[in-house]
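Readers should treat all values here as calculations from the given coordinates under stated rules, not as data from a laboratory. Please read these numbers as outputs of a predicted model, since none were measured by experiment. Cβ coordinates were reconstructed from backbone atoms using ideal geometry, including for glycine residues, and neighbour counts include every protein chain displayed.
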Amino acid sequence: MLRRRARRSKQDGSTAFVNCQIRPDPSFPPLVYMTLKNRIRLSVLSMLLLLLIVGGYGYSVLTRLDHRAQYVQKANIYSVELGQQMLWALSGLALEPARPTALPALRRALTREASNITEPGEAALVDSLTQNLADYQGLVDSQAANTARQAELQQLLAQTHRLLTLNLRASARQARAATRAVGAAQTTLLLVVALSAALGVSLVLRLPRIVVRPLGRLSANIALATNPATGARLPVERQDEVGTVAQAFNRVLGQMQDLRTATRAELLMQRNRMASIVQGLDEGLLLIDQNRRIILVNPVASDLLGQPAEALIGRLAADVAQHNEFLQKLLAAEAAATARETPAAPEYTITRHGEDTYYRLSVSPILSFNDVTAQTEFVGHILSLRNVSDFKKLDQVKSNFLATVSHELKTPLASINLSLKLLQDERTDATERQRIAGGIRLETQRLLRMVGELIDVSRLDAGVGIKLNPEPVALALVMDYADDTIMAQLEDKELTLRYELPADLPAVRADLEKTTWVVINLMANAIRYSPAGETIVISAVHHAHLVQVSVRDCGPGIAPEYHERVFKRFAHIPTKDGQKGGSGLGLSISREFITSQGGQLWVESQPGCGSIFHFTLPVV
């Protein structure tokens, strides 16, 4: 049985397994730990020892039986064979006439028997046979009567039978002893075999348990330790291979937990980063999976659909579209794009706060590679709503620019054309001709200024940059050049130009031509928007290392939200009477000129209070 220790979380009171470790139940008796290798080795050695005991004992029994058999064969059976040879020889001596080889055979067998005496009393018999054989030989040599020789043979025959009987009885006795020894050996072997079998069965039953039980406990501990809810470590309660495995597993588990923590942190960081990117996009993103369920809506898309993301995510797109007209249009466009019915991306116009916003829809399929099937599978669609309002407005601005430029070109050209016709009329007097020529000159200057603006814009767009010739310039000289250029326009509109330039105004480092162009452009705008009879004031102030020049008019003024817009290219700020300015390039080019010389150009204005355009230039 295993026990787990848990630590209560102080924050929420829930049970959290922190540094949890599995500990053995103290009610179990302590184990004498021995390595599994040594246990297996001890078991095998026990079986080997029993096998050696059985084998050694069996070998010793067989050796003793073999020795006993050899002894019986040598001592008794050989004596019996010799006795049979002696009986054969005696039977040959009893024949009439006696067999010639019988006596030598008897003597030879008796001699061999004399050297093979093994039983008690056998030596006396052999000596008696030897004596009787000597007596019989003496009778033969003395050619005694046949009766005497037969009596001696009978005695030899009787003694030979006693010798045979003695050895046969000894053989029987040895056989009985061998039988008893075999029986004792069988009993002993049976006992040893039974003991070996019992030990073998015990090892068969215990050895797997000895090996498997720690592994089973280790497996249970591993199952508990790998449970993410516990976060436990394996108890190292054994100093054997299982303990070594537990220590190694704890090290691996620690490394895996560190890796999991690092991976989780990295995944969380990546998810937060991706979420930040998706949430921060100025495009509307709507993700619909293969089951037609909405799984992602970013804030822009949520705002366009008019519903919070929490109310959209997880719902079927068709269910939401039943109560959302804009989503119905998006789903219809998605279906058309899937069927390749609409080659161009549709656009939608949404009016908010009195301003039109344009969105272009693009539908992209999401494909995922399945490692199991080794195929690319469709998992959904991404509906992207891109804000193309800037492009639409830019297109509108360009259209307005073309219309304005066309009008601006047409008006002076028509005036020039009419003036040329008047010059061709002979009835026109000289004074009138001079006035008409002056008008042609003014219109020509207007055309040249407009063409120059277009050329400057094209150079800036091409990245050529502005070529400057910085030199010390007196602002009074700049004002004289500008005054000569716009004097006719001032007189034509009956405007008064007043200069407020200090006598001690220092020279500035600037490009004379570009700075004069800026002043002329600002004065022309002031003339265009100032009512007849008003006064335009040009002033300058010295501030430390800068000189600030200001051009004040008495026009309708500019609202604060348009103060930066007037410096954009092609920008037009309509007045209350619908009046528009020129090409929308003059102020943009003027700011480029001033900025390139290290200064700034800005405007101060309020509706109905006129406008003041300021620019600064560095002092020499």
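A few remarks follow.
- Estimated from the Cβ-Cβ distance and a Förster radius of 41 angstrom, the FRET efficiency linking Gln150 and Ala175 is about 0.65.
- Leading residue at positive end of dipole, segment 61-216 (Cβ point charges), from Ala194, Ala148, Thr130: Ala194
- Here's the list of aspartates and glutamates a cross-link from Lys37 could span, going by alpha-carbon distance under 20 Å and ignoring same-chain residues fewer than 8 apart: Glu237, Asp240, Glu241.
- Given charges at beta-carbon only (K, R positive; D, E negative), |dipole| of segment 466-618 in Debye: 580 debye
- Listed residue pairs exceeding 24 Å between alpha carbons, taken from Lys393/Lys568; Lys393/Lys467; Lys514/Lys568; Lys398/Lys568: Lys393/Lys467
- Couplings 3J(HN,Hα) of segment 168-183, computed from phi: 5, 5, 5, 4, 5, 5, 5, 5, 5, 5, 5, 4, 4, 5, 5, x Hz, in residue order, whole Hz [Karplus 6.51 cos²θ - 1.76 cosθ + 1.60, θ = phi - 60°; x for Gly and Pro].
- Taking amide hydrogens as placed 1.01 Å from N in the peptide plane, the amide H of Ile536 sits under 5 Å from those of Thr496, Leu497, Arg498, each at least 5 positions away in sequence or on another chain.
- Distant alpha-carbon pairs in segment 466-618 (separation over 22 angstrom), percent: 37 percent
- When peptides 526-535, 590-599 are sorted by average Cβ neighbour count within 10 Å, with the highest value leading, the order is 590-599, 526-535.
- Extension gain for Ile382 to Glu491 (0.36 nm times residue separation, less C-alpha to C-alpha distance): 32.8 nm.
- Debye equation applied to the C-alpha atoms of segment 61-216, log10 I(q)/I(0) at 0.17 Å⁻¹: -0.95
- Using the Cβ-Cβ distance between Val54 and Thr130 with R0 set to 56 Å, the FRET efficiency works out to roughly 0.65.
- Calculated FRET efficiency for the pair Ser596/Glu325, C-beta based, R₀ 56 Å, to 0.05: 0.65
- Length available on full extension from Leu501 to Arg528: 0.36 nm per residue minus the Cα-Cα distance, which gives 7.4 nm.
- Placing +1 on the Cβ of every Lys and Arg and -1 on the Cβ of every Asp and Glu, with nothing else charged, gives segment 283-387 a dipole about its Cα centre of roughly 100 debye.
- Approximate shape of segment 236-370 as ellipsoid semi-axes (Cα gyration tensor, √5λ), whole Å, largest first: 48, 17, 14
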